[in-house]
Amino acid sequence: MGKKFSAKVLRAQWVVPITSPPVKDGAVLILNDTIFAFGKAKEVLKQAPSGAQKLEFPEGVLVPSLVNPHTHLENTHFFGIKKPQSFNSWLTQMVKLVKSQSFDDAFKAAKDGATQSLSYGVTCVGEFSRFGASFFALKKFGLKGTVFKEFICLNDSEIETKVAELESWLDAVKSQSSLLKVAVGPHAPYTVTPNAFKVVLDLAKSKDLQICIHAAESPSERKLVEGRKGIWRFWLGNVLDDAPLGLSPIRYLNWLGALNSKTLLVHCVQVDDNDIALLAERGVWVVHCPRSNFNLKVGMMPLAKMLSAGVKICLATDGLASTESLSPLDEIRFAIKLSDEHPKIYPSLSLSRWLRMVTLDSASAIGFEKEIGSIERGKHADLAVFKIGSAIDDPIEALVFEGKGAKLTMVSGEIVHLVAT
Ligand SMILES: [Zn+2]
């Protein structure tokens with residue numbers, strides 16, 4: 001039985017399409033799951049079939065729904081962990097918390113994380129999943145996204161078993177959702193042996209999958225990877241014995257063959273000029289999580305240098321174990337505060353650039369740019385409305401500084417979150 005034809009018009013004080021200028025008193029016409037037209041409300045309404053459902057938001061700004069390219073939704077219930085605190089003491093607590101978690105705990109947490117995401121206007125995530133439970137939570141709530149299955153292997157004797165587990169998970173879930181892509185998440189340079197890393201990279205290549213790695217996050221990581229020094233040497237033992245000495249985490253990943261345009265590197269705080277040049281040359285996506293970096297006291301990403309070198313950057317919240325909310329707009333506000341306080345390291349960017357980093361750029365980073373990330377004819381109707389007040393002159397400024405929870409969130413033409421009044 002075919003799905004019933006549906007037509008909807010969303011009208012708002014402003015429509016901000018991202019790839020074209022904002023439209024005052026704008027509207028979007030949605031036929032089934034797709035954007036059919038957008039522009040001045042008067043013109044759009046003329047094209048709407050009779051009987052189309054009409055929703056009006058005279059105090060709202062209508063944008064493409066937001067994309068959060070790095071989350072750990074399974075950690076949603078770890079929000080109570082102390083912040084800020086040092087990365088090393090945070091990691092010790094996290095290891096205990098994660099060990100005590102069951103698949104069901106992770107699934108419940110991920111469902112809460114998915115609901116929270118929708119309430120912030122997010123319909124697509126780059127999810128780093130330890131248990132694989134978040135795949136089913138995202139599926140249940142109809143979100144889109146790429147689920148990177150975490151891979152950790154501290155000992156070569158475990159390679160075969162662990163890779164087989166990973167591969168069977170990928171094969172089992174890959175065709176279970178048309179909205180979710182699966183991918184591979186070798187956790188970090190220090191939690192996967194070089195030999196295991198190479199096997200996982202080959203697996204990703206053979207299946208044409210994206211990979212996501214936490215990289216160059218803390219000074220401790222750099223000390224370990226570059227010189228086998230620091231406290232982590234005692235924690236992690238011989239995991240990097242087969243890796244060459246003297247390479248920064250980024251150059252080590254390059255030595256492994258891990259850097260290409262399908263790679264996402266999360267954090268990249270502890271990077272030097274050579275690392276930055278390499279990131280640009282290899283065309284990797286860097287996922288920037290400034291609140292998480294602040295909360296774990298790992299330093300500040302040299303955003304100005306990265307952008308001027310041509311590194312591709314998108315913005316994400318990270319999980320609630322290291323940040324205060326799953327709101328990309330909160331992340332932008334924090335980033336703007338950093339640019340006010342540290343203008344040399346952290347440039348002041350236009351507000352539309354920041355907004356692009358949580359819409360079209362983050363969609364590109366996880367392979368969804370053809371479907372979502374901007375309001376364009378033919379794209380999926382993944383949209384969000386935020387209340388900004390009446391008679392607003394600059395909708396992007398109002399959204400970035402005043403936007404809190406979404407009033408409406410829509411995925412593929414279906415309203416999945418709507419706040420009354
Ligand atoms: Zn992470």
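The values are calculated or read from the model by the stated rules, or taken from the named source; none is laboratory data. Note that this is a predicted model, so its numbers are computed, not measured. A quick note on method: Cβ atoms are made from the backbone with ideal geometry, for glycine too, and the neighbour counts reach across all protein chains shown.
A few comments on the model shown:
- Single residue of GLY389, GLY413, GLY378, GLY405 found to be more than 21 Å from GLY26 (Cβ to Cβ) and not assigned by TED's automatic domain parsing to the domain that holds CYS124: GLY405
- Residue in segment 120-127 that is buried (at least 24 other Cβ atoms within 10 Å of the Cβ) and touching a helix residue (DSSP H, G or I) at 6+ places or on another chain (Cβ under 6 Å) present: yes
- Scanning segment 139-163 for residues that are touching a Gly at 6+ places or on another chain (Cβ under 8 Å) and within 16 Å of the ligand (Cβ to nearest atom) yields a count of 7.
- Exactly one residue out of LYS111, LYS144 is touching a Leu at 6+ places or on another chain (Cβ under 9 Å), buried (at least 16 other Cβ atoms within 10 Å of the Cβ) and either in the same structural domain as GLY405 (by TED's automatic domain parsing) or without any contact (Cβ under 8 Å) to a residue 40 or more places away in the chain (or both), and it is LYS111.
- The residue that is farthest from the chain's Cα centre (by Cα), counting only those in segment 52-82 that are surrounded by fewer than 24 Cβ atoms within 10 Å (Cβ to Cβ) and farther than 16 Å from ILE30 by Cβ, is PRO58.
- When LEU73, LEU91, LEU97 are screened for being within 16 Å of the ligand (Cβ to nearest atom), without any contact (Cβ under 8 Å) to a residue 12 or more places away in the chain and not small (Gly, Ala, Ser), only LEU91 passes.
- The residue pairs whose first member lies in segment 403-421 and is farther than 13 Å from PHE386 by Cα, whose second member is among the aromatic types (Phe, Trp, Tyr), and whose beta carbons are closer than 9 Å, counting only pairs six or more residues apart or on different chains, are VAL411/PHE141; VAL416/PHE141.
- Looking only at segment 245-292, residues that are out of contact with any Cys (no Cβ under 8 Å at 6 or more places or on another chain) and away from the ligand (no atom under 13 Å from the Cβ) come to 31 in all.
- Of all the residues in segment 293-302, those that are without any contact (Cβ under 8 Å) to a residue 60 or more places away in the chain and either touching a Ser or Thr at 6+ places or on another chain (Cβ under 8 Å) or within 16 Å of the ligand (Cβ to nearest atom) (or both) number 1.
- Looking at LEU265, LEU256, LEU203, just one residue is in contact with a Pro (Cβ under 8 Å, 6 or more places away or on another chain), within 25 Å of SER129 (Cα to Cα) and crowded, with 16+ Cβ neighbours inside 10 Å, and that residue is LEU256.
- Selection within segment 307-357 - in contact with a Pro (Cβ under 9 Å, 6 or more places away or on another chain), away from the ligand (no atom under 16 Å from the Cβ) and within 30 Å of VAL95 (Cβ to Cβ): PHE334, ALA335, LEU338
- Strands (runs of 3 or more DSSP E) fully within segment 50-155 counting 1 or more residues that are in contact with a Cys (Cβ under 6 Å, 6 or more places away or on another chain) and closer than 30 Å to LYS40 by Cα: 66-71, 144-151
- Residue that is nearest to the ligand (Cβ to nearest atom) [pool: residues in segment 209-237 that are assigned to a loop (DSSP other than H, G, I, E, B) and without any contact (Cβ under 8 Å) to a residue 24 or more places away in the chain]: GLY230
- Filter pass, ILE30 being surrounded by 15 or more Cβ atoms within 10 Å (Cβ to Cβ), in a loop (DSSP other than H, G, I, E, B) and away from the ligand (no atom under 16 Å from the Cβ): no
- Subset tally (residues that are buried (at least 17 other Cβ atoms within 10 Å of the Cβ), out of contact with any strand residue (DSSP E or B) (no Cβ under 8 Å at 6 or more places or on another chain) and farther than 8 Å from VAL311 by Cβ) for segment 271-286: 3
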